[in-house]
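All of the numbers you see were taken from the coordinates with simple rules; none came from a lab. The shown structure was predicted, so the numbers you read here are calculated from the model rather than taken from an experiment. Ideal geometry is used to build each Cβ from the backbone, glycine not excepted, and the neighbour counts take in all protein chains shown.
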Amino acid sequence: MAVFRYEGMRAGGGRKVKGVLDADSERDARRLLKQQEIYPTVLERLEGGEGNSRVLGKRWKIWNRAPLPPMRERIVFTRQMASLLAAGFPVMEVLISVEEQIRTGPFREVVATIRNDVGEGHSLSEALARHGRIFPPIYVSLVRAGEKGGGGALDVVFERLAVVMEEERRIRGRLLSAMIYPTVMAVVGSLILVFLVTVVVPRVTVVFKETQQTLPLVTRSLLAISDFVRDWGGWLALVVTGLFLVFSWWARSEKGRVVVERWWWRMPMLGDFLSTVATMRVCQLLGLLLKSGVPVIASLQVTADATGFVTVRAGILDVARSVERGDSLADALERSGYFQGLALRMIKAGERSGSLEAMLDRSAQLHREEIEQALERLMHLVEPVIILIMGGVVGYVVVAVLLPIFEMNQFIK
């Protein structure tokens, strides 16, 4: 049996409807829709993996690639899976129930294909793995470990995943909140400055040019900026936009990401912050995998794909090879050069005492608190800096306009 997505019109009113249904074939799907008095305008079979991405792309299409559903939907899915599995329901019934709780949309189609794959005999981890962009390798690895009974039941694994995802979402939200204010201020300030330079300043200073008097240096510089922006501002905007797009394309390439990340790591304050973020993620994910019964080498390999940094990923893979040769985890991580000293000492202590998972969790918690404190300090620091910059720019414009007026008044007297 397959899963079909449909869009159509309901008889007796022409109301638009859409959803998913199970059928043996397209012909059977059309028969079922006809029984429900629905006349389909779109009927497509949902497939896992690349096929599903192709179907989703018809509504989420961005450069022929379907974007990820919101993390909130994935967290709710994970929470519901954990709750229903803990209540003792079989996996198939849990998936049916979770699918019914999700509103009509692309993510429901994904859950429908997962439910269909499990119904055809695939394991839950195999069904999730066919949607690798939505459920990353660490998610699949933990579910696979839960299915095998390593480190706890499947409901416990989903509960751990939900906690990790919620913490990740909270940190991303704090970072986004810290960036919204300066971004809005920068955009609004730039638009106001362009308006002043291109519209207001030329009208105010035209009288200065008619007097044929020698203008102050600050006024002459403002007039030069105004003339340049009016004459070449459009071309400059096009060039800057083009360079930005080219740089963004290059930075997303494999070589470009490595170069850009190395620049980031070399910056004084940003490098320390990124080191803290990388340390927190590695400790959190590695501890989660080890507690779920995943072997150390496999845990390191899965963690490498989930760090979010290309350079750190290469470093973690080197760590996995070193540990496989017999080196200690702490020494291998220290040689990579990407991790905080406190975490390395705690990992070393955990290896000696046999409590590595607990030390990894504790280290992740400490670095998570450090990240939140850094973001809070950033939010308090950005506001006065933005105000000072905007005040300086406005003061420059005001002085450039008023200074010739004062000089003219002195000349008249």
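Numerical summary
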{"quantity": "Cα gyration tensor category, rounded, prolate or oblate, for the chain with a/c compared to 1.5", "calculated": "oblate"}
{"quantity": "Under 13 Å, Cβ to Cβ, from Glu334 - net charge with Lys/Arg +1 and Asp/Glu -1", "calculated": "-1"}
{"quantity": "Sum of -39500 (n - 2.57) over DSSP H runs of 4+, divided by residues of the chain (222 nm, nearest 500)", "calculated": "-25500 deg cm²/dmol"}
{"quantity": "Charge dipole of the chain about the Cα centre (unit charges at C-beta), most positive-ward option of Val401, Thr205, Pro136", "calculated": "Thr205"}
{"quantity": "Pairwise centroid distance, computed over Cα atoms, of region 99-175 with region 267-298, Å", "calculated": "21"}
{"quantity": "Non-local Lys pairs in the chain, i.e. 8 or more apart or on different chains, that have alpha carbons under 17 Å apart", "calculated": "4"}
{"quantity": "Cβ charges +1 (Lys, Arg) and -1 (Asp, Glu), total dipole of region 131-190, debye", "calculated": "180"}
{"quantity": "Listed residue (Ala237, Cys283, Phe309) projecting farthest to the positive dipole end of region 225-310, Cβ model", "calculated": "Cys283"}
{"quantity": "About the Cα centre, charge dipole magnitude for the chain (Lys/Arg +1, Asp/Glu -1 at Cβ), debye", "calculated": "920"}
{"quantity": "Two-site label geometry, Val385 and Val163: point separation in nm, points 7 Å out along Cα→Cβ", "calculated": "3.5"}
{"quantity": "Rounded, prolate or oblate (a/c below 1.5 giving rounded, otherwise prolate when a/b exceeds b/c) for region 246-368 by Cα gyration tensor", "calculated": "prolate"}
{"quantity": "Most to least packed among 275-287, 299-311 [average Cβ atoms within 10 Å]", "calculated": "275-287, 299-311"}
{"quantity": "Anisotropy class of region 286-348 from Cα gyration tensor, a/c 1.5 cut", "calculated": "rounded"}
{"quantity": "Within-13-Å neighbourhood charge of Leu128 [Cβ basis; K, R +1; D, E -1]", "calculated": "+2"}
